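Enquirer: For reference, the structure I am asking about is given below.
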Amino acid sequence: MENPDDLQIPVIDIGALIRGASDYRAVAAAIGRACRESGFFYIINHGVSERLQNDLEQQSREFFAQDLQTKLQIDMARGGRAWRGYFPVGRELTSGAPDRKEGIYFGAELDADHPLVQQQTPLHGANLFPVSPPELKQTVLDYMAAMTQLGHQVMAGVALSLGLEKSYFAEQYTADPLTLFRIFNYPASPTSLNEEGWGVGEHTDYGLLTILRQDNCGGLQIKVGSHWIDAPPLANSFVCNIGDMLDRLTAGYYLSTAHRVRNIADKDRLSFAFFFDPNFNAEIQPLPIGTPLRDNQQERWDKTSVHEFRGAYGNYLLNKVGKVFPELRRDVLL
């Protein structure tokens, strides 16, 4: 039996992959091992500006420190079908239970003339940015641009790890990726915690790849086998994890991994989750890698199979996010 004390999330130096250096295939192999064994890995030497990261954290703290009415000036109800804006603590649900976190939803900035906006495609449109702090708008846009570039680079490593061409995902699924960005604030936890104290309960992510920046509070846990292990903050790193669509594409060879968050600190906890996903209209088909189906339906907390899904990624995503904000779904998506 595996000792949970021996389980660790791998730390992968992706510098060679970013630079295109001669040993980048070793980086890809390390990514492949992580995707098979835990579904999570840290990346370092990723090339994203530390100053940009720090500016984002500072400005986000300024936003969340404001009173509720000020934050509700960019309430998600005002974002319409673009599904953007602020939500207060308790508004977002995970498996039907309210999360103990507040946050802001962002996505690719599209103007009213964009074809997908003209077609009223859900999850596409303009962002809602707060008046204060005024710098947050440009910082968020710069950060999303950096994360999009990093998403392409990491997915190139994933492709190589599967024996595919480096450009496979970029050509087949992410030439125009669906990119979603969330800034979450988990309020300081009471001294006495109970099972209802989860900032976000057990879940898996929906798409291909999540790139997460944590502050220094801790509280993220991932499930490896039957064990929950901590994913503590690591300076100037990102935590990457694979989502349901990569699980589906690889026939379960790379499993999407359940995770959860509880703020264990005596101060608010910030996290920055960037989702690098297939194009909204991309048809999801198993990859040509010859691996037998490994369906972990019975081990999943929701007892659902990601392999039963057929169709475009957008359909899968809308079904999932509609359960996260059921009231908003009724108001803007139906």
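Enquirer: In the set 141, 164, 128, 150, which member is in contact with a strand residue (DSSP E or B) (Cβ under 8 Å, 6 or more places away or on another chain), surrounded by fewer than 19 Cβ atoms within 10 Å (Cβ to Cβ), farther than 28 Å from residue 301 by Cβ and not polar (S, T, N, Q)?
Expert: Details: 164 fails: in contact with a strand residue (DSSP E or B) (Cβ under 8 Å, 6 or more places away or on another chain); 128 fails: surrounded by fewer than 19 Cβ atoms within 10 Å (Cβ to Cβ); 150 fails: surrounded by fewer than 19 Cβ atoms within 10 Å (Cβ to Cβ).
Unique residue meeting the criteria: 141.
Enquirer: Mind checking whether some residue in segment 258-274 is under 17 Å from the mean Cα position of the chain (by Cα), closer than 24 Å to residue 162 by Cα, touching a residue at least 24 places away in the same chain (Cβ under 8 Å) and in a loop (DSSP other than H, G, I, E, B)?
Expert: yes
Enquirer: Now, a different point. If you scan segment 232-242, which residues turn out to be in contact (Cβ under 8 Å) with a residue 24 or more places away in the chain and surrounded by fewer than 22 Cβ atoms within 10 Å (Cβ to Cβ)? Give the derivation first.
Expert: Taking segment 232-242 as the starting set, the residues that turn out to be in contact (Cβ under 8 Å) with a residue 24 or more places away in the chain are 234, 236-242.
Within segment 232-242, 234, 236, 237 qualify.
Enquirer: Related question: Being touching a strand residue (DSSP E or B) at 6+ places or on another chain (Cβ under 9 Å), surrounded by 15 or more Cβ atoms within 10 Å (Cβ to Cβ) and more than 26 Å from residue 102 (Cα to Cα) narrows it down to one of 317, 255, 249, so name that one.
Expert: On the way: 317 fails: more than 26 Å from residue 102 (Cα to Cα); 249 fails: touching a strand residue (DSSP E or B) at 6+ places or on another chain (Cβ under 9 Å).
Checking each option against the conditions leaves just 255.
Enquirer: Looking at (1) surrounded by fewer than 18 Cβ atoms within 10 Å (Cβ to Cβ); (2) in contact (Cβ under 8 Å) with a residue 24 or more places away in the chain; (3) over 21 Å from residue 93 (Cα atoms); (4) not aliphatic (A, V, I, L, M), can you tell me which one residue 301 breaks?
Expert: It is condition (3) that residue 301 fails.
Enquirer: If the requirement is being hydrophobic (A, V, I, L, M, F, W, C) and touching a His at 6+ places or on another chain (Cβ under 8 Å), which of these qualifies: 82, 30, 34? Even if it seems obvious, please write down each step before you answer.
Expert: Details: 30 fails: touching a His at 6+ places or on another chain (Cβ under 8 Å); 34 fails: touching a His at 6+ places or on another chain (Cβ under 8 Å).
Being hydrophobic (A, V, I, L, M, F, W, C) and touching a His at 6+ places or on another chain (Cβ under 8 Å) holds for just one of 82, 30, 34, which is 82.
Enquirer: Confirm whether residue 158 is within 30 Å of residue 12 (Cβ to Cβ), touching a residue at least 60 places away in the same chain (Cβ under 8 Å) and in contact with an Asp or Glu (Cβ under 6 Å, 6 or more places away or on another chain). Let's see the steps before the verdict.
Expert: Values: within 30 Å of residue 12 (Cβ to Cβ): yes; touching a residue at least 60 places away in the same chain (Cβ under 8 Å): yes; in contact with an Asp or Glu (Cβ under 6 Å, 6 or more places away or on another chain): no.
For residue 158, the condition - within 30 Å of residue 12 (Cβ to Cβ), touching a residue at least 60 places away in the same chain (Cβ under 8 Å) and in contact with an Asp or Glu (Cβ under 6 Å, 6 or more places away or on another chain) - is not met.
Enquirer: Which of the numbered conditions does residue 210 fail, given that it passes all the others? Conditions: (1) closer than 22 Å to residue 28 by Cα; (2) hydroxyl-bearing (Ser, Thr, Tyr); (3) outside any strand (DSSP E or B).
Expert: (3)
Enquirer: Can you tell me which residue is surrounded by the fewest Cβ atoms within 10 Å (Cβ to Cβ) among those in segment 75-110 that are among the hydroxyl-bearing types (Ser, Thr, Tyr) and touching a helix residue (DSSP H, G or I) at 6+ places or on another chain (Cβ under 8 Å)?
Expert: First, pick out the residues of segment 75-110 that are among the hydroxyl-bearing types (Ser, Thr, Tyr): 86, 94-95, 105.
Checking the rest, the ones that are also touching a helix residue (DSSP H, G or I) at 6+ places or on another chain (Cβ under 8 Å) come to 86, 94, 105.
Working: 86: 25, 94: 19, 105: 24.
Filtering segment 75-110 for residues that are among the hydroxyl-bearing types (Ser, Thr, Tyr) and touching a helix residue (DSSP H, G or I) at 6+ places or on another chain (Cβ under 8 Å), the one surrounded by the fewest Cβ atoms within 10 Å (Cβ to Cβ) comes out as 94.
Enquirer: Specify which of the listed residues (58, 53) is at pLDDT 95 or above, polar (S, T, N, Q) and crowded, with 16+ Cβ neighbours inside 10 Å. Walk me through how you get there before you give the answer.
Expert: Values: 58 fails: crowded, with 16+ Cβ neighbours inside 10 Å.
Checking each option against the conditions leaves just 53.
Enquirer: Could you tell me which residue of segment 109-131 is nearest to residue 317 (Cα to Cα), considering only residues that are within 25 Å of the chain's Cα centre (by Cα) and among the small types (Gly, Ala, Ser)?
Expert: From segment 109-131, those within 25 Å of the chain's Cα centre (by Cα) are 109-111, 114, 116-117, 120-130; that's our starting set.
Next, only the ones that are among the small types (Gly, Ala, Ser) stay: 125-126.
Details: 125: 16, 126: 19 Å.
This residue is 125.
Enquirer: So which residues in segment 106-130 are closer than 28 Å to residue 63 by Cα, part of a loop (DSSP other than H, G, I, E, B) and not acidic (Asp, Glu)?
Expert: Within segment 106-130, 108, 110, 112, 122, 123, 124, 126, 127, 128, 129, 130 qualify.
Enquirer: Could you tell me which numbered condition residue 41 fails, if it satisfies all but one of (1) within 24 Å of residue 107 (Cβ to Cβ); (2) at pLDDT 95 or above; (3) among the aromatic types (Phe, Trp, Tyr)?
Expert: All conditions are met except number (1).
The values are calculated or read from the model by the stated rules, or taken from the named source; none is laboratory data. Because the structure is a prediction, the values reported are computed rather than measured. Cβ coordinates were reconstructed from backbone atoms using ideal geometry, including for glycine residues, and neighbour counts include every protein chain displayed.
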